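Q: Structure incoming, see below.
The values are calculated or read from the model by the stated rules, or taken from the named source; none is laboratory data. Values in this document were obtained by computation on a predicted structure and should not be read as measured data. Don't worry about glycine lacking a Cβ; one is built from the backbone with ideal geometry, like all the others, and counts go over all protein chains shown. To get the accessible areas, we keep the full protein, side chains included, count just its heavy atoms, and leave off ligands, DNA and RNA. Shrake-Rupley method; radii C 1.70, N 1.55, O 1.52, S 1.80 Å.
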Amino acid sequence: ITIQGEGTKETNLQQGLAKAWGLSIQGADPVDSFNVDSCTDVGTGIYEFNYTSNMVSVNISASGMATAFTKGMGTSRGANSTSLIRVQVRNQLDSLTDNDCQMSINGDLA
């Protein structure tokens, strides 16, 4: 489905919308989400967001953030699959740390 976006540009709804997003409080099941069934606490600062509907491949675009006092959040590409994404949260000392995190996934659903 193609619609008019900003100005005269067209936007493709299938390609232009997040396919999954979630907010987890320190690895607990998401308090709010779309296409995320659960969140698994794999270890200190490591969480897996499990999709409700799988992605077509592991080649997705992920973005996210963690709450205050963290250095950043990234994915564990080797651990990702079509049914989940694994994220890591690191503190200012670059050590894995438990914290709240949010993620958004763009890609193609299976």
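Q: If you count only protein heavy atoms with a 1.4 Å probe, what accessible area per residue comes out for the chain, rounded to a whole Å²?
A: Using a 1.4 Å probe on heavy atoms only, each residue of the chain averages 57 Å².
Q: Could you tell me which residue out of 49, 73, 20 lies farthest along the dipole of the chain toward its positive end? Charges go on the beta carbon: Lys and Arg +1, Asp and Glu -1, centred on the Cα centre.
A: 73
Q: Which FRET efficiency value, to the nearest 0.05, is calculated for residue 91 and residue 31 with the Förster distance at 30 angstrom and r the Cβ-Cβ distance?
A: For R0 = 30 Å, the calculated efficiency reads 0.85.
Q: Work out the length of the dipole vector of the chain about its Cα centre, built from +1 on the beta-carbon of each Lys and Arg and -1 on the beta-carbon of each Asp and Glu, and round it to the nearest 20 debye.
A: Value, rounded to 20: 300 debye.
Q: Considering Cα pairs under 8 angstrom that are at least six residues apart, work out the relative contact order of the chain and quote it in whole percent. Please report the intermediate quantities before stating the final value.
A: Values: 264 pairs, mean separation 32.5, N = 110.
Taking the mean separation of contacting Cα pairs over the length of the chain, I get 30 percent.
Q: For the chain, what does -39500 (n - 2.57) per DSSP helix run (n ≥ 4), summed and divided by total residues, give at 222 nm, in deg cm²/dmol to the nearest 500?
A: So the helix-based figure for the chain works out to -500 deg cm²/dmol.
Q: Moving on to the next point. Give, in nm to one decimal, the length gained when the segment between residue 104 and residue 2 is fully stretched (0.36 nm per residue of separation minus the Cα-Cα distance).
A: Contour length minus the Cα-Cα distance gives 34.5 nm.
Q: Can you sort 17, 93 by solvent-accessible area, 1.4 Å probe, largest first?
A: Listed by decreasing accessible area, they come as 93, 17.
Q: Out of the total accessible area of the chain (probe 1.4 Å, heavy atoms of protein only), what percent is carbon and sulfur?
A: Here carbon and sulfur together make up 50 percent of the probe-accessible area.
Q: Another question, then. Output wanted: per-residue J couplings in Hz (rounded whole) for the stretch 71-88, from phi through Karplus 6.51 cos²θ - 1.76 cosθ + 1.60, θ = phi - 60°, x for Gly and Pro.
A: Values per residue, Gly and Pro as x: 7, x, 9, x, 9, 9, 3, x, 8, 6, 9, 6, 10, 7, 10, 9, 10, 10 Hz.
Q: Separate question: Quick one: if you take sqrt(5λ) for each eigenvalue of the C-alpha gyration tensor of the chain, what semi-axes come out, biggest first, whole angstrom?
A: 27, 16, 12
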